[in-house]
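Worksheet for the structure shown next.
The values are calculated or read from the model by the stated rules, or taken from the named source; none is laboratory data. Every value quoted in this text rests on a predicted model; they were computed, and no experiment measured them. Because the Cβ atoms are built from the backbone with ideal geometry, glycine has one as well, and the counts that use them run over all protein chains shown. The area values use the complete protein model at the heavy-atom level, side chains included, leaving out ligands, DNA and RNA. Shrake-Rupley method; radii C 1.70, N 1.55, O 1.52, S 1.80 Å.
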Amino acid sequence: MASHHSLFIATQFLFLLLAESYNMNGLYRSTPTLGLRSKKCGSYPGFSSFIPRPSSLCPSNRLRPGRMESCSLSMSLDIDEMEPEWLPMMDLQASDIEASPNATVLPLFPLGSFVYTPHSEHRLNIFEPRYRALYNDILFSGSRRFAVCSMDPVDGRFAAVASVFYLKDLKEVSAATNDAVKYICDHEVIGRIRIKKVLNPKVWEDRSTYLKVEAEYIEDKEEPEGSTSELEKKLVLTYNDLVQLQHEMNEDVKFTKESVDKFKIAKGQEVWSAVEMWQVFQQQRLLARQQEMQKEFQAKLLAYLIKEKGMGGLPNAIDINELPANLQQEVRSLQARMQDDLQPLAERDMMDMQLLIECDSHSRRLELMDAMLTKERKRLETKKTLKSLFNK
């Protein structure tokens, strides 16, 4: 069986070995990247939930200002100072509690640090006994729906706002997988809920069954017709400025120039498609940084394998204990650098997405998106300034 370090090398370098250039409606990688496979039908075909999901664990050294309050167009939002709303830590010894009369009760499926946006589609492989039971129950009841929440990467608390998955298709594959996987399931995210309380917290630890929550469905509040037009115009301009700067700086990960004309952000599915496009950009940007950090070590590893092992490329997995001491040390150093440099970025990206699904209005979501794109534009402006100074 491969060790933890073996899996690390295999996972990281498969990103490079299986890479291919990809040009999509909205996003372009000029360096190799994983090809994306999409089940989403909408404005941006080619985007998917099947992107590698980096770990988001990092030391708890951030501010926790609490829930985001309403903000105005005139305010300059510091997105890095905002944090999603998390539920209190669960008491894992607490007894089950009853739901309130006539309350909405849903199964809860926590899925780590990835945020699932409305109107997106996702495939899950189901193997754990408790989640096999979940699917059996939602099929038997006919509801075909359950809640999916992200988790605080620091302490594991659940996000207070969760996505609602609707089961569109289920395939029984236990015979084909020797019961390693029970179901392959396709879903659409049909809405959002606010979790009011977890009804059976004890089962999260003993895994005897799945969690259930009392919740309420949430919708964006109604706003006067035309009241968000200025915000929409501002966001389109910000997006255009960002795309132009990305191409001027020849960024490895950038939106296509053609995507500017296709950037639609009206309330509903259009703005959620734009949010999903931004999420894909976040993932690809992180992957590009990860690959850049690996280049030097990859060259050394290939040289060793060719010279000492007579191999023509990287195998699927490498046992770190079989490497010479200097390469073993470089693997550990690379792991440490990636944890220090990349994990905080992955955490921030996840929190940004969670903030977007928490918003209670279209206008607030537009403001937050504008702040996120403006932050990226300012990063590139700083990079451009530094580049010009060093090139003098």
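Label-to-label distance, ASP360 versus ASP91, with points set 7 angstrom from Cα along the beta-carbon direction: 2.8 nm. For region 202-283, the average shadow cast by the Cα convex hull is 9.1 nm², which is a quarter of the hull's surface.
Here, P(r) means the percent of Cα pairs in each 10 Å bin from 0 to the largest distance; for region 122-256 it is 10, 26, 26, 20, 16, 2. Working ranking of peptides 228-234, 139-145, 119-125, 162-168 by packing, defined as the average number of other Cβ atoms within 10 Å per residue, highest first, is 162-168, 119-125, 228-234, 139-145. The relative contact order of region 160-312 comes to 12 percent, based on Cα pairs under 8 Å that sit 6 or more residues apart. Centre-to-centre, using Cα atoms only, region 240-305 and region 144-162 are separated by 26 Å. Distances between placed amide hydrogens fall under 5 Å for LYS168 paired with ASP186, HIS187, GLU188, all partners being 5 or more residues away or on another chain. Once the Cα-Cα distance is subtracted from the 0.36 nm per residue extended length, the GLU216 to GLU270 segment shows a gain of 17.0 nm.
Here the 3J(HN,Hα) profile of region 283-289, calculated from phi with Karplus coefficients 6.51, -1.76 and 1.60 at θ = phi - 60°, is 5, 5, 4, 5, 5, 5, 5 Hz, Gly and Pro shown as x.
Need one word for region 266-389: rounded, prolate or oblate. Basis is the Cα gyration tensor (sqrt eigenvalues a ≥ b ≥ c); a/c below 1.5 gives rounded, then a/b vs b/c decides. Taking the square roots of the gyration eigenvalues as a ≥ b ≥ c, region 266-389 is prolate. In terms of packing, defined here as the mean over residues of other Cβ atoms within 10 angstrom, the peptides 283-296, 320-333, 256-269 line up highest first as 283-296, 256-269, 320-333.
The alpha carbon gyration tensor of region 156-222 gives principal lengths a ≥ b ≥ c with a/c of 1.5 or higher and a/b no greater than b/c, which makes the shape oblate. Computed from the C-beta positions of GLN335 and GLU225 and an R0 of 56 Å, the FRET efficiency is 0.55 to the nearest 0.05.
Using the Cβ-Cβ distance between ASP261 and LYS384 with R0 set to 30 Å, the FRET efficiency works out to roughly 0.75. The slack in the chain from THR177 to LYS375, taken as 0.36 nm per residue of separation less the alpha-carbon distance, amounts to 66.7 nm.
Relative contact order for region 269-350: 39 percent, from Cα pairs under 8 Å spaced at least 6 residues apart, divided by residue count.
Under a 5 Å amide H cut-off, with hydrogens placed 1.01 Å from N, PHE109 pairs with ALA147, VAL148, CYS149 among residues at least 5 apart or on other chains. Relative contact order of region 136-206: what whole-number percent is it, with Cα pairs under 8 angstrom and at least 6 residues apart? Over region 136-206, the number comes to 26 percent. With coordinates expressed along the principal axes, the C-alpha atoms belonging to region 322-392 extend over 57, 40, 13 Å, beginning with the largest. Accessible surface ranking for TYR239, TYR304, 1.4 angstrom probe, highest first: TYR304, TYR239.
For a test of the definition: using alpha carbon positions, the gyration tensor, and the 1.5 limit on a/c, classify region 106-176 as rounded, prolate or oblate. Note, shape of region 106-176 comes out prolate.
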